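**Student:** To start, I am sharing the structure in question, which I have written as structure tokens.
The values are calculated or read from the model by the stated rules, or taken from the named source; none is laboratory data. Small disclaimer: the values here were computed from a predicted structure and weren't measured. No Cβ is skipped: glycine too gets one built from the backbone with ideal geometry, and neighbour counts run over all protein chains shown. Protein only, heavy atoms only, side chains kept; ligands, DNA and RNA dropped before computing areas. Shrake-Rupley method; radii C 1.70, N 1.55, O 1.52, S 1.80 Å.
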Amino acid sequence: MAKQPSTIGASTYQQIKRDIIFGELEPGSKLKLEALRKRYEASLSTLRETLNRLASDGFVEAPEQRGFLVKPVSKEDLKEIADLRALIECHALELSVENGDTEWEGNLVAAHHKLHLMEKKLLGGDETGKEDWKRYDFEFHKALISACNSENLMAIHEIVFDKYLRYQMLVLTYRGQEAVDEHKAIFDAAIARDSKSANRMLRQHIQKGLEHSLDAF
């Protein structure tokens with residue numbers, strides 16, 4: 001059965017956003033419709049709709065009469081995104097820890113386990129699964145806040161997290177055991193239903209990640 005247009009549009013959006021996040025479409029580069037049509041096998045109307053959506057979400061810019069280009073990067077933008085992530089995610093984490101049920105706990109345990117296994121591979125020198133590592137990292141942070149009972153908060157968090165991830169992938173150097181320990185501390189505090197400690201540790205985790213990215217920028 002042929003895909004419906006909405007499905008094609010969603011798929012194209014995810015593909016282009018992924019290529020922006022992982023640097024395959026470089027910051028500041030021009031997004032030419034004909035080249036995109038061949039690369040993503042999408043119609044021009046789907047591409048225009050997709051690029052307008054990516055512009056709305058902050059991954060693409062559309063200067064007056066200049067078409068579309070991948071949003072450039074800067075240290076100032078990274079700092080703003082990190083501050084916004086801390087504001088949103090720490091608030092959502094407190095709500096989630098206070099509201100989470102047994103199913104939330106089970107999902108969080110599973111998400112942390114998958115992330116920890118991937119982190120062990122990276123610590124052992126195996127860097128072949130960096131994209132999987134960042135996916136598991138997002139799934140862990142998403143699981144942490146998944147009981148906040150706000151679809152709007154979750155949706156905004158995903159966009160901001162993806163913007164933060166883009167910078168991490170552009171300057172990617174693994175923080176190693178320190179990041180592993182931070183994830184474990186956040187996880188333990190969340191499972192113990194210590195929302196204040198979990199909040200504090202998450203905020204420190206984001207700040208240290210920001211400092212590490214700025215040093216490598």
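**Student:** Treating the angle as unsigned and between 0 and 90°, give the value, to the nearest 10°, between the Cα long axis of helix 5-21 and the longest Cα principal axis of the chain.
**Tutor:** 70 degrees
**Student:** Of all the accessible heavy-atom surface of region 32-185, with the other protein chains kept in place and a 1.4 Å probe, what percent is carbon and sulfur? List each step's numbers first, then the result.
**Tutor:** Working: 3870 of 8030 Å².
C and S fraction of accessible area: 48 percent.
**Student:** While we're on this one: Given points 7 Å out from each Cα along the Cα-Cβ axis, report the residue 83 to residue 204 separation in nanometres with one decimal.
**Tutor:** In this crude spin-label approximation the distance works out to 2.3 nm.
**Student:** Projecting each Cα onto the charge dipole of region 88-217 (Lys/Arg +1, Asp/Glu -1 at the beta carbon, about the Cα centre), which of 189, 106, 217 comes out farthest on the positive side?
**Tutor:** Toward the positive end, the furthest listed residue is 217.
**Student:** Here is a further query. Under the Karplus relation 6.51 cos²θ - 1.76 cosθ + 1.60, θ = phi - 60°, what is the ordered set of whole-Hz ³J(HN,Hα) values for region 188-204, x standing for Gly and Pro?
**Tutor:** Calculated HN-Hα couplings, in order: 4, 5, 5, 5, 6, 6, 9, 5, 5, 5, 4, 4, 4, 5, 5, 4, 5 Hz.
**Student:** Another question about this same structure. Given the Cα-Cα distance of residue 49 and residue 181 and 0.36 nm per residue of separation, how much length would full extension add, in nm?
**Tutor:** On the way: separation 132, 0.36 × 132 = 47.52 nm, distance 4.21 nm.
Separation in residues times 0.36 nm, less the Cα-Cα distance, equals 43.3 nm.
**Student:** Using the Karplus curve 6.51 cos²θ - 1.76 cosθ + 1.60 with θ = phi - 60°, work out ³J(HN,Hα) for each residue of region 85-98 in order, rounded to whole Hz, and write x for Gly and Pro.
**Tutor:** Once rounded to whole Hz, the list reads 4, 4, 4, 6, 6, 5, 5, 5, 5, 4, 4, 5, 4, 6.
**Student:** Compute the accessible area per residue over region 27-174, keeping the other protein chains in place, probe 1.4 Å, unit Å². List each step's numbers first, then the result.
**Tutor:** Numbers: 7800 Å² over 148 residues.
Computed with neighbouring chains in place, this is 53 Å² per residue.
**Student:** Which lysines does residue 114 reach when only Cα atoms under 20 Å apart count, and residues fewer than 8 places away in its own chain are ignored?
**Tutor:** The reachable lysines, counting only those whose Cα sits under 20 Å from residue 114, are 130, 134, 142, 184.
**Student:** Can you tell me, using C-alpha contacts under 8 Å and at least 6 residues apart, the relative contact order of region 72-207 as a whole percent? Spell out each step's value before the answer.
**Tutor:** Working: 124 pairs, mean separation 55.6, N = 136.
Taking the mean separation of contacting Cα pairs over the length of region 72-207, I get 41 percent.
**Student:** Then there is this: Treat every Asp and Glu Cβ in the chain as -1 and every Lys and Arg Cβ as +1, leave all other atoms uncharged, and give the resulting dipole magnitude about the Cα centre to the nearest 20 debye.
**Tutor:** Numbers: 31 positive and 36 negative charges, 148 e Å.
In total the dipole reaches around 720 debye.
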